[in-house]
Amino acid sequence: MSDLYKLPLFPLETVLFPGMVLPLHIFEPRYRLMIGRCVAENKPFGVTLIREGREVGGPATPFDVGTTAYVTHYERLDDGRMNIQAVGYQRFRIHNLLQEKPYLEAMVEDFPIEGIDQPGVDTLVAQLRPMLSEYLAVLASASDVEETFNEIPDDGMALAYFLSILVPFPMKDKQKILEASDLQAMLAIGQELLKREMVLLDHMIRLGYPNQDTSTFFSPN
């Protein structure tokens, strides 16, 4: 087990992946306090998907695995509210929750992704890249919008994150990817989810819904 450390938590109805940009409007006093301290001390906070509870107002129980985030842009408004931009940094696993401050904290440990050099990773990358390219091209055509994504990564970890961020999987499915024990498992889960999304997209098009906002036909994010 790696060393434990205390981390302030921001439970949200979204899954943050390393490298993902997260804009937030901070208005609750507890989170204004938390983010203010993180900015002043140049320390991260942890973003976790809510397992039970609410994002605003009440308590929330988070999933055990989340991603640390650093504030990269900070704007304080006249009434004390804040607009921030944060970027995901690395995975962590919660060991126990703490209720010592107005906001939630936890004792956590880093949860690095293992198995980067497993032989099955290259095979999954080779299978996933053309699948994802086809899916995004069909999605763009059905939505009548130009493709705006960059070249699909050929690095296994970058591809796992790229897929998870870009494809509108339900949040609990994204959480499964984030929690995977190693890179091969992350890619395998992502591949199965992408197959399902491709079937849904094909079905939607066959029902006669081209040139509409196809995001409305997927589970909400």
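Read-outs throughout are calculated quantities, based only on the coordinates presented, and are distinct from any laboratory measurement. From a predicted model like this one, the values you see are computed outputs, not experimental measurements. Methodologically, a virtual Cβ is constructed for each residue, glycine included, from the backbone with ideal geometry; neighbour enumeration extends over all protein chains shown.
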Projected area averaged over all directions for the convex hull of the alpha carbon atoms of the stretch 93-148, nm², comes out at 7.7 nm²
Net charge near Glu75 (other residues with Cβ under 14 Å of its Cβ; Lys, Arg +1; Asp, Glu -1) is +1
On alpha-carbon atoms, Rg over Rh for the stretch 4-110 using Kirkwood Rh? 0.92
What Kirkwood hydrodynamic radius, in Å, does the stretch 54-185 give when the mean of 1/r is taken over all pairs of distinct Cα atoms and then inverted? 17.7 Å
Using only Cα atoms and rounding to the nearest 10 degrees, what angle (0 to 90) does helix 119-143 make with the longest principal axis of the chain? 80 degrees
Loop-located chymotrypsin sites (Phe, Trp or Tyr not before Pro) in the stretch 73-162, at most 15 other Cβ atoms within 10 Å (DSSP): Phe149
Please give the helix 156-166 orientation as an angle from the longest Cα principal axis of the chain, in degrees from 0 to 90, rounded to the nearest 10. 90 degrees
Local electrostatic count, Val199, Cβ distance below 13 Å [Lys/Arg +1, Asp/Glu -1]: -1
Using only the alpha carbon atoms of the chain, find the Kirkwood hydrodynamic radius as the inverse mean reciprocal pair distance, in angstroms to one decimal. 18.7 Å
Crossing angle, helix 183-206 versus the chain [Cα axis fit, 0-90 degrees, rounded to tens]: 60 degrees
Per residue, the convex hull volume that the Cα atoms of the stretch 10-64 enclose (Å³): 90 Å³
